[in-house]
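J.: Pasting in a structure now, in structure tokens, and then I'll have a few things to ask.
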Amino acid sequence: MRCALVALLVLGSSLAGAQRPYPQVTIPNTEVRSLRSHVTGRSYDLYVYLPSRFDAATPRKYPVLYLLDGQWDFKLLTSIQGGLLYDRFVPDVIVVGITYSGPNANYDSLRAVDYTPKTSPSNPGSGDGAKFLSFLETELIPFVEAQYSGDPARRALMGSSLGGLFTLYALFTKPQLFAGYAAGSPAVTYANRSAFEDEASYAATHDDLQARLYVAVGDQEPFSAPTQEIVKRLRSRNYPRLILESRLIAGERHSGNKPEAFNRAVRFLFQQYAEGAR
């Protein structure tokens, strides 16, 4: 009996390590495009989720959600978008997940360069946020709007953690580039609280901020208190045209808050366009 058990265990281990003869699961209505940036010098893969009735030949323009860290969060966002569309909370939205090209891309290292506005001693090579923002403005957005009928008036940017930090940086640097911004668990303490410096610099020279901003954070993560602090600062500015919504997600930490945070973010960013959807 013991010999038979050992044989089964060996066989099971062998099957687990072997190449499975079955097709992989794919996400419907998606495609991958690649784009080489002359600004950053890096190559990016774009995970593109299209409406089921998408037709680039028609004059219809679509809202576009530009999602940072597509390698991790694209699958979640396509599911959330599909569910909200079914429930008629949002219209058809194109989702563009931004990630890096190559089979062995070091996502942690590359994003720590692109998503950081300032250099940190703990993160050598960081601080290319300005270049990455220029890449979005001058290369990526024109490409997407030409290829996929993206609507310039209904662009939104979403990111989490360092992606959330970059989203806030983009808001304070080029608030008119996107109509909406969604920052999840933003790393606002990075580089000696550089996000607070960016916020203060903007406030020193502006008396209004025309944008929609959604900020979410888990109540059990390290960024909880500083994220609530920067939200409080923004509210105290009393910008006439800033539409700000924030959410403290109970019982969640840094990554586990994403399903709720992203769901509410997509509704906040696009529900205003939902009339007549589907």
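The values are calculated or read from the model by the stated rules, or taken from the named source; none is laboratory data. Every value quoted in this text rests on a predicted model; they were computed, and no experiment measured them. A quick note on method: Cβ atoms are made from the backbone with ideal geometry, for glycine too, and the neighbour counts reach across all protein chains shown.
J.: Can you tell me which residues in segment 245-258 are under 23 Å from residue 178 (Cβ atoms), surrounded by fewer than 17 Cβ atoms within 10 Å (Cβ to Cβ) and out of contact with any helix residue (DSSP H, G or I) (no Cβ under 6 Å at 6 or more places or on another chain)?
T.: The answer is none; no residue qualifies.
J.: I want to confirm something. Restricting to segment 223-278 and keeping residues that are touching a strand residue (DSSP E or B) at 6+ places or on another chain (Cβ under 7 Å) and among the small types (Gly, Ala, Ser), which single residue is farthest from residue 211 (Cα to Cα)?
T.: By that ranking, first place goes to 256.
J.: Can you find a residue in segment 125-143 that is in a loop (DSSP other than H, G, I, E, B), surrounded by fewer than 15 Cβ atoms within 10 Å (Cβ to Cβ) and either more than 19 Å from the chain's Cα centre (by Cα) or touching a residue at least 24 places away in the same chain (Cβ under 8 Å) (or both)?
T.: yes
J.: Which one of the conditions (1) free of Cβ contacts under 8 Å to residues at least 40 places away in the same chain; (2) closer than 30 Å to residue 91 by Cβ does residue 199 fail to meet, given that it meets all the rest?
T.: The failed condition is (2).
J.: Under 8 Å between Cβ atoms, at least 6 apart or on separate chains: pull out the pairs that start in segment 237-257 with a residue that is on the phi < 0 side of the Ramachandran plot and in contact (Cβ under 8 Å) with a residue 60 or more places away in the chain and end on any residue that is aliphatic (A, V, I, L, M) and not in a loop (DSSP other than H, G, I, E, B).
T.: Close Cβ pairs satisfying both conditions: 257/216; 257/217; 257/249.
J.: Still on this model: More than 21 Å from the chain's Cα centre (by Cα), surrounded by fewer than 20 Cβ atoms within 10 Å (Cβ to Cβ) and modelled with pLDDT of 95 or more: does that describe residue 219?
T.: Spelling it out, it is not the case that residue 219 is more than 21 Å from the chain's Cα centre (by Cα), surrounded by fewer than 20 Cβ atoms within 10 Å (Cβ to Cβ) and modelled with pLDDT of 95 or more.
J.: Among the residues that make up segment 236-249, is at least one of them part of a helix (DSSP H, G or I) and more than 21 Å from residue 67 (Cα to Cα)?
T.: Yes, the conditions are met somewhere in segment 236-249.
J.: Same structure again: For residue 262, work out the one condition from (1) outside any helix (DSSP H, G or I); (2) under 24 Å from residue 83 (Cβ atoms) it doesn't fulfil.
T.: (1)
J.: Which of (1) within 19 Å of residue 51 (Cβ to Cβ); (2) hydrophobic (A, V, I, L, M, F, W, C); (3) surrounded by fewer than 23 Cβ atoms within 10 Å (Cβ to Cβ) is the odd one out, the single condition residue 112 does not satisfy?
T.: Single failed check for residue 112: (1).
J.: Just checking: which of the strands (runs of 3 or more DSSP E) contained wholly in segment 145-232 hold 1 or more residues that are farther than 25 Å from residue 252 by Cβ and not small (Gly, Ala, Ser)?
T.: It comes to 150-160.
J.: Which residues, taken from segment 183-198, are buried (at least 23 other Cβ atoms within 10 Å of the Cβ) and among the β-branched types (Val, Ile, Thr)?
T.: Within segment 183-198, 188 is the sole residue that qualifies.
J.: Are any residues in segment 65-81 out of contact with any strand residue (DSSP E or B) (no Cβ under 8 Å at 6 or more places or on another chain) and buried (at least 19 other Cβ atoms within 10 Å of the Cβ), and if so, which ones?
T.: Listed by number, the list holds a single entry, 80.
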